[in-house]
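Report on the following structure.
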Amino acid sequence: MASSFATSDRWFAPIMDRTQLNRMYLLAATSGGHAYPLAPPYSALTNTTIFEELQKAGISWKIYVNPQGTNCAATDSACLAGFSYINMFAYEQTILASPTLLQNTVPTSQFTTDLQNGTLPQVALIEPASSAGLDEHPNDIDTSAPINIQAGANYASSLINALMASSSWKDSTMIFTYDEPGGYHDHVSPQPATPPDSPNSPTYLPIDLQAGDVCDAPGQLGTGTCNFAYTGYRVPMIVISPFARKNFVSHTEYDSTAILALIEKRFNVPALTNRDAAQADMSTDFFDFVNVPWATPPTAPAQITSGQCTLAVPTT
């Protein structure tokens, strides 16, 4: 599908770190100075998330969470919110305290319903189905029982195909990407990036480094990559939309906070931090709003499930 729609060879994870930190950037364009996932004595970030900003502007939004493997009932929005990465932010408590806001956290099955009924929100986030083992990690739940990543690929395709087959297709854009890379095997280095905070901010440099960390060595903090002025490694992405340029590969440098910048431009809301404010404009790169290249969506290829997991050189 990447060869049909628009993709990029310069799309980077926002920070050279693990999932939680990159998800913070995806939601708020900052990790609030953290280099580690939140743990005592630190509490949820008070930084403004994109959903809080959209709510203030009167823009509709939803977070879709797969309840499989979470012990949450599909109707228990409060429980589902605990399995969304919004739980890293203080805004989650605002959501939990408001019956109106809580209605914006729904099971992933509601995505299909919204497609059928034409009730998609203006902005939606589909969280990875990690608890269900459907996020394409080979061993995300139990290292003694590796997960077949093809199940996650099939799950992703089911969401994409449902959008393409729906009446919502005509005016929608889905951006499919990953929060961080699965390894260090890339010939393209992480790139310099705009730090989210100003130099006089207490979160301009990491606030939670631990003894023995490379960046905790004398003279290291704030030098080289020991700050928030670099992206992580590249990750895959596809822009899936009737307006996506056909067979297009962007060579413009982005990190995934460019998604925030695209939302901010579309709905005329301010940037969250210096990082998303500095992103290139996706709307002038990946899209053709005049000719509508995929008014009729492409036929999704059948998933190949007969391949072998091997380090041997491919023969074809």
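Please work out if residue 111 is closer than 30 Å to residue 306 by Cβ, part of a strand (DSSP E or B) and at pLDDT 95 or above. Show your work before the answer.
On the way: closer than 30 Å to residue 306 by Cβ: yes; part of a strand (DSSP E or B): no; at pLDDT 95 or above: yes.
Answer is no for this residue.
Would you mention how many residues in segment 62-85 are farther than 13 Å from residue 106 by Cα and under 16 Å from the mean Cα position of the chain (by Cα)?
Of the residues in segment 62-85, 1 are farther than 13 Å from residue 106 by Cα and under 16 Å from the mean Cα position of the chain (by Cα).
Conditions tested, residue by residue: (1) surrounded by fewer than 17 Cβ atoms within 10 Å (Cβ to Cβ); (2) more than 18 Å from the chain's Cα centre (by Cα); (3) modelled with pLDDT of 95 or more; (4) assigned to a loop (DSSP other than H, G, I, E, B).
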{"position": "242", "(1), (2), (3), (4)": "no, yes, yes, yes"}
{"position": "260", "(1), (2), (3), (4)": "no, no, yes, no"}
{"position": "263", "(1), (2), (3), (4)": "no, no, yes, no"}
{"position": "276", "(1), (2), (3), (4)": "no, no, yes, no"}
{"position": "291", "(1), (2), (3), (4)": "yes, yes, yes, yes"}
{"position": "295", "(1), (2), (3), (4)": "yes, yes, yes, yes"}
{"position": "303", "(1), (2), (3), (4)": "yes, yes, no, yes"}
{"position": "312", "(1), (2), (3), (4)": "yes, yes, no, yes"}
{"position": "316", "(1), (2), (3), (4)": "yes, yes, no, yes"}
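Please tell me if residue 270 is in a loop (DSSP other than H, G, I, E, B) and under 23 Å from residue 60 (Cα atoms). Let's see the steps before the verdict.
Working: in a loop (DSSP other than H, G, I, E, B): yes; under 23 Å from residue 60 (Cα atoms): yes.
Spelling it out, residue 270 is indeed in a loop (DSSP other than H, G, I, E, B) and under 23 Å from residue 60 (Cα atoms).
Under 6 Å between Cβ atoms, which residue pairs at least 6 apart in sequence (or on different chains) link something in segment 71-96 that is of a type in the set (Phe, Trp, Tyr) with a partner that is surrounded by 15 or more Cβ atoms within 10 Å (Cβ to Cβ) and in a loop (DSSP other than H, G, I, E, B)?
Short answer, once both residue conditions are applied: 83/70; 89/44; 89/49; 91/49.
This table checks each residue for (1) surrounded by fewer than 18 Cβ atoms within 10 Å (Cβ to Cβ); (2) free of Cβ contacts under 8 Å to residues at least 40 places away in the same chain; (3) farther than 27 Å from residue 10 by Cβ; (4) out of contact with any Phe, Trp or Tyr (no Cβ under 8 Å at 6 or more places or on another chain).
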position: 112; (1), (2), (3), (4): yes, no, yes, yes
position: 125; (1), (2), (3), (4): no, no, no, no
position: 135; (1), (2), (3), (4): no, yes, no, yes
position: 147; (1), (2), (3), (4): no, yes, yes, yes
position: 151; (1), (2), (3), (4): yes, yes, yes, yes
position: 157; (1), (2), (3), (4): yes, no, no, yes
position: 161; (1), (2), (3), (4): yes, no, yes, yes
position: 185; (1), (2), (3), (4): yes, yes, no, yes
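Are any of the residues in segment 213-230 in a loop (DSSP other than H, G, I, E, B) and under 21 Å from residue 283 (Cβ atoms)? Spell out how you get there, then give the answer.
First pass over segment 213-230, keeping only residues in a loop (DSSP other than H, G, I, E, B): 213, 217-229.
The next check asks that each one be under 21 Å from residue 283 (Cβ atoms); those that pass are none.
So far as segment 213-230 goes, no, none of its residues is in a loop (DSSP other than H, G, I, E, B) and under 21 Å from residue 283 (Cβ atoms).
Scan segment 37-61 and report the pairs whose first residue is under 19 Å from residue 105 (Cβ atoms) and whose second residue is small (Gly, Ala, Ser) and exposed (fewer than 11 other Cβ atoms within 10 Å of the Cβ), with Cβ atoms within less than 7 Å and a gap of 6+ or a chain change.
Close Cβ pairs satisfying both conditions: none exist.
The values are calculated or read from the model by the stated rules, or taken from the named source; none is laboratory data. Owing to the predicted nature of the structure, the values given are computational and were not obtained by experimental measurement. Please note: Cβ atoms are built from the backbone with ideal geometry, for glycine as well, and neighbour counts cover all protein chains shown.
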